[in-house]
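Encoded as structure tokens, the structure appears first; notes follow it.
The values are calculated or read from the model by the stated rules, or taken from the named source; none is laboratory data. These numbers were taken from a predicted model, which means no experiment stands behind them. Just the protein is used for accessible areas: all its heavy atoms, side chains included, with ligands, DNA and RNA removed. Shrake-Rupley method; radii C 1.70, N 1.55, O 1.52, S 1.80 Å.
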Amino acid sequence: MSVDLDRTIAAKGRHISLVIAGTMLAWLALTMIIGPAIGMPGRYALLFDFAALAGLIYALVNIVQLWRMRQASKNENQG
């Protein structure tokens, strides 16, 4: 693997981990702390759930892209 590709893969992995951690922390804060503290109706919890789901789907798409990048670089180095 080249140094540039290693850095790209590492950066993408860090980006994915930050997206997952940030999504979960924001979702927990909104549904368990902030929402009940300000008296938000329960129907807004569904919006928070959908936003968290969108963030996790985005992370999953990036995980697949990262996996494909690693497979392509592995095949490139073998052949």
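The long axis of helix 3-28 is offset from the longest Cα principal axis of the chain by roughly 10 degrees. If you roll a 1.4 Å probe over the heavy atoms of the protein chains, what accessible area per residue do you get for the chain, in Å²? Per residue, the chain has 74 Å² of solvent-accessible surface. Hull volume per residue, based on the alpha-carbon atoms of the chain and their convex hull, is 62 Å³. Of the solvent-accessible surface of the chain, computed with a 1.4 Å probe over protein heavy atoms with every protein chain present, carbon and sulfur atoms account for 68 percent. When only alpha carbons are used to place a centre, region 45-78 and region 19-37 end up 21 Å from one another. In order along region 40-56, the phi-based Karplus estimate (6.51 cos²θ - 1.76 cosθ + 1.60, θ = phi - 60°) of 3J(HN,Hα) comes to 5, x, x, 5, 6, 4, 5, 5, 5, 5, 5, 5, 5, 5, 5, x, 6 Hz; Gly and Pro are listed as x.
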